[in-house]
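Following: one structure in C-alpha cells, then a few remarks.
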Amino acid sequence: MTEASAWGGTVMRRLDDGWCTALNRDTLLCSIYAERPGVCRDYQMGGAECMAERAA
C-alpha cells in the first residue's frame with residue numbers, strides 16, 4: 001500500500017482520484033489504522049500536518 005515518491009521517500013499509494021488506498025470512503029476513516037505503515041504513524045491524526053494535507 002506504499003510506494004516511492006518522486007523525491008525518494010515512502011508515501012501511501014493513492015488512487016487515480018488522489019485518495020489514499022486505505023481510506024474507507026463510507027466513514028472517511030483509515031481502514032488499516034492499527035496496522036498503518038510508519039509513513040502514516042509520523043502524522044498525528046487531526047494534527048497540523050494531517051489537516052494541511054487534507055486541505056491540499
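Observations on the model:
- Computed over the range 2-55: relative contact order in percent, which uses C-alpha pairs under 8 Å that are six or more apart: 19 percent
- 3J(HN,Hα) couplings calculated from phi for the range 22-30 with the Karplus curve 6.51 cos²θ - 1.76 cosθ + 1.60 (θ = phi - 60°) are, in sequence order, 8, 6, 7, 6, 6, 9, 6, 10, 5 Hz; Gly and Pro show x.
- Taking amide H atoms as placed 1.01 Å from N in the peptide plane, the amide H of T2 lies under 5 Å from those of R13, each 5 or more residues away in sequence or on another chain.
- Helix content alone sets the calculated 222 nm mean residue ellipticity of the chain: runs of n ≥ 4 DSSP H residues at -39500 (n - 2.57) each, divided across all residues, give -5000 deg cm²/dmol.
- Cβ-based exposure ranking for Y43, Y33, in which fewest neighbours within 10 Å come first: Y33, Y43
- Counting neighbouring Cβ atoms within 10 Å and putting the fewest first, the residues S5, S31 line up as S5, S31.
- Read-out Rg and Dmax of the Cα atoms in Å, derived from the coordinates shown; its label in [x] 12.6, 39; [y] 11.7, 36; [z] 11.2, 32: [z]
No lab work stands behind these numbers, since they all come straight from the coordinates. Just so it is clear, the structure is predicted and the values come from calculations on it, not from any experiment. Heads up, the Cβs are rebuilt from the backbone with ideal geometry, glycines too, and the neighbour counts pull from every protein chain shown.
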